[in-house]
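Colleague: Please read through the structure below; I'll follow up with questions.
The values are calculated or read from the model by the stated rules, or taken from the named source; none is laboratory data. Note that the structure is a prediction, hence the values are computed from the model and not measured. Here the Cβ positions follow ideal geometry from the backbone for every residue, glycine too, while neighbour counts run over all protein chains shown. The protein model used for the area step is the full one, side chains on, heavy atoms only, and it has no ligands, DNA or RNA in it. Shrake-Rupley method; radii C 1.70, N 1.55, O 1.52, S 1.80 Å.
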Amino acid sequence: MLQTKEIDVLRTLAAQYMEYALAPHQKELEALWIAHNTGRPARPMVLIDQLPWHEMDMDGFLQCQIEDPYWRQVEQELRHKIYQAKYMPADMLLLPYILIPRILQDPKYRSFGVSVQENIATTDAGSDVVSHAYETQFQTFEDLEKLRPTRLAADQQAEKAAMDEAVHVFEGIAPVHWQGVSLHSGLWDEISQWQGVEECYYMLLDDPDLLHAILSRITDNMLEMIRQGSEEGLFDTASTICHCSHTITAPFGSGMENRFGTARNSWTFGMAQLFTSVSPDVTREFELPYVSRIFEQFGGVYYGCCEKLDDRLDIVAQMPNVKKVSCSPWSDPDRFAANLPKQMILSHKPNPAFVSVGDLDASRRELERVIRAAGANGVRLEMILKDNSTVHYKPERLWEFSRMASELVQA
């Protein structure tokens, strides 16, 4: 149960947040994002996400005051959104309501019963960006027994209590909706943590049958989990975000945020980041058949993250329901734009290293190049600066990027 002073904190933050969310320019951004996502773009769109929040605080505003872990999440999200809206909004679309997280019976539903065995090294105690050395856990077919279905289900009693309290806390300030599950469908993110990245590469050559067996078992488990989540309506329909990109296709208030959260009504995201160092044929054999079974369950898919994809977009084009594709700093944007199917959106990832060291000119040249490439090839473009692990405690570098990128796309 929240204390009175904690309720006051949340109400104050919610009121500040709603001032930004209901500002007139937010309606303009809503229209721009809908046009962008439905094939009628007015201009490229820009977002900033995945920030080194431990480096951002200047005046204590980002310091949370609530002790309860659940409500601390809500407080932290409000503080982050207010901070971004004030200093580096770019084209961030703010929801005209408050989201609270679903409460699951098993928060580790993505583990499939396997615990990651690793050693960790850090360089900044305040950062959650660390180095991992993983231990191999699957060496024989007998080890497949470690993989077992995990249940995706809500803790209904806890959720009722949370929603009742949220409605009370935010009464008179903002409506409240559930932040549903946004399913991570990147199978290789899991496998690389169970085996280690180098071991995965060796297995592709030396033990492909065991890899196929692991992939098949995970895919079957994922499909069962998707079925469970759809039956309970757990998937996200209210946040308008999938893998750092806005997915809104209809105006707020049209009922989308209240839709029953089936997979068909929501988005998922997938990737095979370690496949940057393998051939397209490996992607065709070890990624395409498995993620296709998963992606066909969803209404929309965001594909890719940090991997190089410009040489295998023909394979991505065969994946069901993919609507946005990541063009990372390791892809050639000209080649990417020339080969991306026109129904898909080019989701460019500016190089965060330029921002980290404050090289705004390099960032500008990079954005100008991808804008030219997208324009020359008639593809929709969004630019999402993410994976910002550090700005060396100089948050103004992100603010400057936001201003520069916004000026470019608005020109």
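Colleague: Sequence-distant or interchain residues sharing an amide H contact under 5 Å with V181, placed H: which?
Modeller: F235, D236
Colleague: Over the stretch 4-149, what relative contact order in percent results from Cα pairs under 8 Å that are six or more residues apart?
Modeller: With pairs under 8 Å counted, the relative contact order is 24 percent.
Colleague: How many nm is it between the label spots at Q117 and V357, if each spot is 7 Å from the Cα in line with the beta carbon?
Modeller: Between Q117 and V357, the simple spin-label model gives 4.0 nm.
Colleague: Between T4 and S131, what is 0.36 nm times their sequence separation minus the Cα-Cα distance? Round to one decimal in nm. Write down the numbers at each step before the final one.
Modeller: Numbers: separation 127, 0.36 × 127 = 45.72 nm, distance 4.08 nm.
Extra length available between T4 and S131 comes to 41.6 nm.
Colleague: If I take R0 = 22 Å and measure r between the Cβ atoms of Q139 and K108 in this structure, what FRET efficiency does the formula 1/(1 + (r/R0)^6) give, to the nearest 0.05? Could you put the intermediate results ahead of the total?
Modeller: On the way: r = 23 Å, r/R0 = 1.06.
Efficiency for this residue pair is about 0.40.
Colleague: Rounded to the nearest 10 Å², what accessible area does E6 have for a 1.4 Å probe in the complete protein model?
Modeller: Taking all protein chains as shown, E6 has close to 20 Å².
Colleague: For the chain, with every protein chain kept in place, what is the accessible area per residue (1.4 Å probe, Å²)? Intermediate results must be reported in sequence, preceding the final value.
Modeller: On the way: 18160 Å² over 411 residues.
Computed with neighbouring chains in place, this is 44 Å² per residue.
Colleague: Tell me, what is the Rg over Rh of the stretch 217-292, with Rh the Kirkwood radius over Cα pairs?
Modeller: Values: Rg = 15.5 Å, Rh = 14.5 Å.
Expressed as Rg/Rh, it is 1.07.
Colleague: Calculate the spin-label point distance for E368 paired with A35, positioning each point 7 Å from the Cα along the beta-carbon direction, and give it in nanometres.
Modeller: Taking the two extended label points, one gets 2.5 nm.
Colleague: Related question: Under a point spin-label approximation (7 Å from Cα along Cα-to-Cβ), what is the E19-R151 distance to one decimal in nm?
Modeller: In this crude spin-label approximation the distance works out to 4.6 nm.
Colleague: So, by mean Cβ neighbours within 10 angstrom, what's the order for 189-195, 288-294, 393-399, 201-207 with the highest one leading? Walk me through the numbers before you get to the answer.
Modeller: Values: 189-195: 20.7, 288-294: 19.1, 393-399: 17.4, 201-207: 14.4.
Descending mean neighbour count gives 189-195, 288-294, 393-399, 201-207.
Colleague: Also, I was wondering about something else. From the backbone phi of the stretch 298-307, what are the Karplus-calculated ³J(HN,Hα) couplings (6.51 cos²θ - 1.76 cosθ + 1.60, θ = phi - 60°) in whole Hz, Gly and Pro given as x?
Modeller: With the stated coefficients, the stretch 298-307 comes to 9, x, x, 9, 9, 10, x, 8, 8, 6 Hz.
Colleague: Over the alpha-carbon set of the stretch 255-298, work out the extent along each principal axis and list the three values in angstrom, largest first.
Modeller: The Cα atoms of the stretch 255-298 stretch 44, 17, 9 Å along their principal axes.
Colleague: For the chain, what does the helix formula give at 222 nm: sum of -39500 (n - 2.57) over DSSP H segments with n ≥ 4, over the residue count, nearest 500 deg cm²/dmol?
Modeller: -13000 deg cm²/dmol
Colleague: Further question on the same structure: Counting other Cβ atoms within 10 Å of each Cβ, which GluC sites (Glu not before Pro) in the stretch 226-324 have at most 15 and sit in a DSSP loop? Working shown, then result.
Modeller: Working: sites: E231, E232, E257, E285, E287, E296, E307; in loops: E287, E296, E307.
Listed in order of number, the matching sites are E296.
Colleague: Another question, then. If I take all pairs of Cα atoms in the stretch 71-181, what percentage of them are more than 18 Å from each other? Could you put the intermediate results ahead of the total?
Modeller: On the way: 4208 of 6105 pairs.
I get 69 percent for the Cα pairs in the stretch 71-181 exceeding 18 Å.
Colleague: In whole percent, what relative contact order does the chain give with Cα contacts below 8 Å and a gap of six or more residues?
Modeller: Values: 697 pairs, mean separation 79.5, N = 411.
Result for the chain is 19 percent.
Colleague: Given contacts defined as C-alpha pairs under 8 Å and at least six residues apart, what's the relative contact order of the stretch 130-276, whole-number percent? Could you put the intermediate results ahead of the total?
Modeller: Working: 158 pairs, mean separation 51.2, N = 147.
Dividing the mean separation by the residue count of the stretch 130-276 yields 35 percent.
Colleague: Let me ask something else about it. I'd like the accessible area for E407: 1.4 Å probe, protein heavy atoms, all chains in place, Å² to the nearest 10.
Modeller: Rounded to the nearest 10, that gives 120 Å².
Colleague: Ignoring ligands, DNA and RNA, what percent of the 1.4 Å accessible area of the chain is carbon and sulfur? Numbers along the way, then the final one.
Modeller: Details: 8930 of 18160 Å².
The computed percentage sits at 49.
Colleague: Another question, if that's okay. Per residue of the stretch 370-384, what does 6.51 cos²θ - 1.76 cosθ + 1.60 with θ = phi - 60° give for ³J(HN,Hα)? Whole Hz please, x for Gly and Pro, Karplus curve as stated.
Modeller: Result, rounded to whole Hz: 6, 5, 5, 5, 5, x, 5, 10, x, 10, 6, 10, 10, 10, 10.
Colleague: Under 5 Å between amide H atoms, partner at least 5 residues away or on a different chain: which partners does L104 have, H built in plane at 1.01 Å?
Modeller: So L104 has HN proximity to D155.
Colleague: Enter the Cα centre distance for the pair the stretch 47-97 and the stretch 336-363, rounded to the nearest angstrom.
Modeller: Computed from Cα coordinates, the inter-centre distance equals 24 Å.
Colleague: Could you list log10 I(q)/I(0) for the chain at q = 0.09 Å⁻¹, which the Debye formula gives when each Cα is one point scatterer?
Modeller: For the chain at q = 0.09 Å⁻¹, log10 I(q)/I(0) is -0.58.
Colleague: Residues in the stretch 263-295, backbone N under 20 Å from the label point at L205 (7 Å along the Cα-to-beta-carbon vector): list them, ranges by number please.
Modeller: 273-287
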